[in-house]
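**Q** Before I ask anything, let me first share the structure, which is written out below as structure tokens.
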Amino acid sequence: MLRTLRDLFNAVLPPQAGPAVPDEHALQLATAVLLVEVMRASAEIGEAERSAVLAALREKFSLSADESDRLLELAGRTAREATDFFGFTSRINEAFGMEQKLRMVELMWRVAYADGTLSAHENHVMWKVSDLLHIPHGAYVSAKMRARDAAGAG
């Protein structure tokens, strides 16, 4: 497992990135796990949710299609083994400012609305993660409405 993680991270970021690489890798994985958790909260996981997660990873971290596929696979395994969100949200709180966290929450809402519907479980996961990221309620609702409108759900 550790070798797979190291191999993925070595492929995702160039080696010349220096000592910040492990932190960047952990941040990418934490972000990907939270996106996957929203996808897993869907009543029925389909290609729309998977595509939304991949698009979010490519947008957030400028990854290639292959890199984002491998990160999604690793995040899926990590999410299945996780017992809570705190370790992931803590890493994000340390690394991201409020604007970056708001953008991430909007990307997560896009995953939730990818299939055109929002389940109660998806809504709960979003509320819990947003609370752990210290997102103000008004910003949380605004991000939700933007994602809902972009998805054409309503």
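Every read-out reported here was derived from the displayed coordinates using simple, explicitly stated rules and does not represent laboratory data. As the structure is a prediction and not an experimental result, all values here were calculated from the model.
**Q** Give me the percent relative contact order of segment 2-151, please, defined on Cα pairs under 8 angstrom at least 6 residues apart.
**A** Across segment 2-151, relative contact order equals 30 percent.
**Q** Suppose only helical runs count, i.e. DSSP H with n ≥ 4. What mean residue ellipticity at 222 nm does that imply for the chain under -39500 (n - 2.57) per run, divided by all residues and rounded to the nearest 500 deg cm²/dmol?
**A** After summing the helix terms and dividing by the residues of the chain, the value is -24500 deg cm²/dmol.
**Q** Pairing the Cα long axis of helix 98-112 with the longest principal axis of the chain, what angle in degrees results, from 0 to 90 and rounded to the nearest 10?
**A** The helix 98-112 is inclined about 70 degrees to the chain.
**Q** Okay, next question. Can you give the angle from 0 to 90° between the axis of helix 47-61 and the longest principal axis of the chain, with both taken from C-alpha atoms, to the nearest 10?
**A** It works out to around 60 degrees.
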